[in-house]
Amino acid sequence: MEDPNLINKENESEQEEEQLVDDAFQHLLNTYSASRHRKKVDLITKAFNFARQAHKGVKRLSGEPYIMHPIAVAQIASEEMGLGSTSICSALLHDVVEDTDYTVEDIENIFGAKIAQIVDGLTKISGGIFGDQASAQAENFKKLLLTMSDDIRVILIKICDRLHNMRTLESQPANKQYKIAGETLYIYAPLANRLGLNKIKTELENLSFRFEHPEEYATIQKKLAKTQASRDELFEQFTSPIRAAMDKMGVKYELKMRVKSPYSIWSKMQNKHVTFEEIYDILAVRIIFTPKEREDEINECFNIYVAISKIYKSHPDRLRDWLNHPKANGYQALHVTLMSQQGRWIEVQIRSDKMDEIAEQGFAAHWKYKEGDDGESEIAEDDLELNEWLATIKEILDDPQPDAMDFLDAIKLNLFASEIFVFTPKGEIKTMPAGCTALDFAFQIHTFLGSHCIGAKVNHKLVPLSHRLESGDQVEILTSKSQHVQPSWINFVSTAKAKSKIQSILRRNGRIIQKQGEEILNEFLKRNNMEVTTSVLDKLCEFHDVPKHENLFLALGEKTIILGDRDIDELLDKKKNVNNAGWRRLVPFLGKEKKKEKTGQSLMTEGLFTVGEGFNKKKPVIITEQNIHQYIFKNCCHPIPGDDVLGFIDGKNHIEIHKRDCPVASKLKSSYGNRILDAKWDMHKQMFFDATIEIRGIDRMGMLKDVSQILSDQLNLNIRRITISTNEGIFDGSIELRVYDRDNVKLIIEKLKDIDGLKEIQQIV
């Protein structure tokens, strides 16, 4: 007999879950009904009932019914992106094809072609962008971008999906958290930024930061809370005269305080090597007004600027006009920096209510101001920036690169770029990424111009190809038919388009030269009564110290390797020593290891831990004094005890240890997420690690004595080397020390800060 109490409890639990789902869906309907979209409640209800039935009985890792996830994604699409019924239905159905027996055809028959197309696009790119193989990851990313260029809503819903996954990341094991957070920072946050989804980009960055660096995140949150009262007071004092001026003008407005996000603060602390207290732009003010005439909103922005610059002195170099030249993601505003009465520079952002909505919700908000069946029409012709961006990405996709990571980095160049405005000789304006060169500009206009470019005239002055352009430059490209693409060009171009075109042309040229190299080798071996075999090629590669057969052919074609008698001796020697093959096989291996030690690529191979079949990836790797030699510590980030670290299973099943914010690790998280491990330190101040501290300040007598006294006498540290150089009263120095851990380094920096005249102290990797 079953226990009736147990049955009752199960029934109660089911009813509670049903109620939870009903409430969540009702909240979605309420949000949708309050929007400006034409109401298609019946269609949304139909999609919800269909998805609920399809996912019946399935639970998420957190224990809640699975259907709560699609509802949450739809809620984000509606409430935070302002999307309409097509997107909401697609969000509710986004996991049905992947997780159940229903097909895209079923969706099309019930909900129509448009929703089916979006669900199909979402299914293609599901399960995270990246698989085990880098090539598979690049393929999936290509699918994402190709589908996105068919209907931008695919990527918008994918971003909603990722945002909800990040909000519920708590239930995942640590290694999965690092993988998903790394992938989010590497791809989704830049994508959200490029589509103008500022609010979502900020939340994705903060959530990634929170899961990767929980202690730093908590520290910054505490400091923000602690300084909240003084910020509120500053805001009130600063905005009081602005309010009076705006009221006098009769403008309908709202003043908002913008506080820098924990991730932005932490990034600035890392990049500028400053403390939380030294960051002065944590506070900014937003003036959001409703224009009297929609067509006149740009003039109204400038009128407000004139009024407030009469109250406060404005910074001449920090006026940013995004009104007449909006950013590529649609962002429009006027940024001005004013000097407050407290002696602090404060940035003020002036924008209309429409501009504010587009700044927060991105391109999705454009649809609200366009005519369409449900307020959600296709991207219109006048969304030029978005169409141009998608066209650039399509061009890169048409010419895929063999290396997946190069491909991703090329796309990221486009995602991250902040813009400058450059003029053609005829006065046409072109938007280019900041930091681009004259050669980038040439490739942007046409591949032929780029590949035959010999220089440029910038503002009528002759400049080389590598000249970096600035906003407002007028650029004329100079070409010659005798000019051809050079391998060195790849080192100074910065746009994805130029990089991909140069690599494509070089690969094409390389294949022709390789072919010539193969013919040279064939003829050489034929003359010496030998045949081309893998072992012969391997031997020649080893002898000439080239990594691959292709490199050998290329070097032969370029005549940088000339075959001669020594090559024959080497090949014949191989045949003579067949009996010693076992010993000879070790020689190249040992040679490689020696080389690795020279370049610092590997610590040791003997005694390294090898990951076996039964290895539990969910458990953290614990690094102790006893087992530290079993892991590989790469030179890219020099982790020391106390750093936030992770493990990575390399191609030989050994474990590398990286800092979680190491640039190499961020690529690994995105490309090989399934090989990421959680790693923790369990060290007891028994081993020393190398650390370098850089110092800078105003030179004076006894400065070096003060530094060495603190390090040697007070802290009793082992100084390996001090280097100091002075120039016009300013000194620069670096101190190489042996330390136990990160706390040691923090203590050293704190103590050095007490020295008079020492202005900048930072630890370098």
#### Entry: Theoretical gain in end-to-end length, Met701 to Cys636 [0.36 nm per residue, Cα-Cα removed]
19.7 nm
### Task
Would you please put 328-338, 204-214, 242-252 in order of how densely packed they are, using the mean number of other Cβ atoms within 10 angstrom per residue and starting with the highest?
204-214, 328-338, 242-252
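Determine the alpha carbon to alpha carbon distance for each of Lys158/Lys179; Lys705/Lys746; Lys515/Lys539; Lys272/Lys457; Lys256/Lys313 and list only those over 23 Å.
Lys272/Lys457
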### Karplus-derived HN-Hα couplings along segment 557-571 (A = 6.51, B = -1.76, C = 1.60, θ = phi - 60°), whole Hz, x at Gly and Pro
x, 7, 6, 7, 10, 10, 6, x, 4, 4, 5, 5, 4, 4, 5
### Task
Could you please report the charge total around Val485, scoring K, R as +1 and D, E as -1 over all other residues with beta-carbon less than 11 angstrom from its beta-carbon?
+3
### Task
Between Ile622 and Glu170, take the C-beta separation as r, use R0 = 22 Å, and let me know the FRET efficiency to the nearest 0.05.
0.45
## Note on the structure
The answer for segment 149-292, accessible area per residue at 1.4 Å probe in Å², is 41 Å²
### Message
Just to be sure I understand the model, the point goes 7 Å from the Cα along the line to the Cβ. What's the resulting Leu319 to Glu470 distance in nm?
### Response
1.7 nm
## Note on the structure
Hits in segment 311-349: amide N under 17 Å from the 7 Å Cα→Cβ extension of Glu295, namely none
### Message
For Arg60, project a label point 7 Å along Cα to C-beta. Then give me every residue of segment 15-54 with its amide nitrogen under 15 Å of that point.
### Response
17-18, 20-25, 28, 52
## Note on the structure
Rounded to the nearest 0.05, FRET efficiency between Gln341 and Glu105 (Cβ-Cβ, R0 60 Å) equals 0.35
### Message
Taking 0.36 nm per residue of sequence separation and subtracting the Cα-Cα distance, how much length would be gained by fully extending the chain between Arg566 and Leu29, in nm to one decimal?
### Response
185.3 nm
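From the cross-link list Lys199/Lys430; Lys39/Lys430; Lys114/Lys201; Lys59/Lys618; Lys39/Lys292, which pairs have alpha carbons spaced over 31 Å apart?
On the way: Lys199/Lys430 28 Å; Lys39/Lys430 40 Å; Lys114/Lys201 27 Å; Lys59/Lys618 20 Å; Lys39/Lys292 29 Å.
With Cα atoms farther than 31 Å apart: Lys39/Lys430.
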### Task
Mind giving me the nanometre distance, one decimal, between the label points for Lys759 and Glu236, set 7 Å out from Cα along Cα→Cβ?
3.7 nm
### Task
Name the shape class, rounded, prolate or oblate, that the alpha-carbon gyration tensor gives for segment 657-727, where a ≥ b ≥ c are the square roots of its eigenvalues, rounded holds for a/c under 1.5, and otherwise prolate holds if a/b is larger than b/c and oblate otherwise.
oblate
### Query
Dipole of segment 201-269 (Lys/Arg Cβ +1, Asp/Glu Cβ -1, origin at the Cα centre): which of Gly250, Ser267, Thr227 lies farthest to the positive side?
Gly250
### Message
Below 14 angstrom from the Cβ of Asp99, what's the summed charge of the other residues (Lys, Arg +1; Asp, Glu -1)?
### Response
-1
### Residues of segment 242-276 with amide N under 13 Å of the 7 Å Cα→Cβ point at Lys310
242, 244-250
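The values are calculated or read from the model by the stated rules, or taken from the named source; none is laboratory data. This is a predicted model, so every value here is computed, not measured. Methodologically, a virtual Cβ is constructed for each residue, glycine included, from the backbone with ideal geometry; neighbour enumeration extends over all protein chains shown. The accessibility values were calculated without ligands, DNA or RNA, using every heavy atom of the protein model including side chains. Shrake-Rupley method; radii C 1.70, N 1.55, O 1.52, S 1.80 Å.
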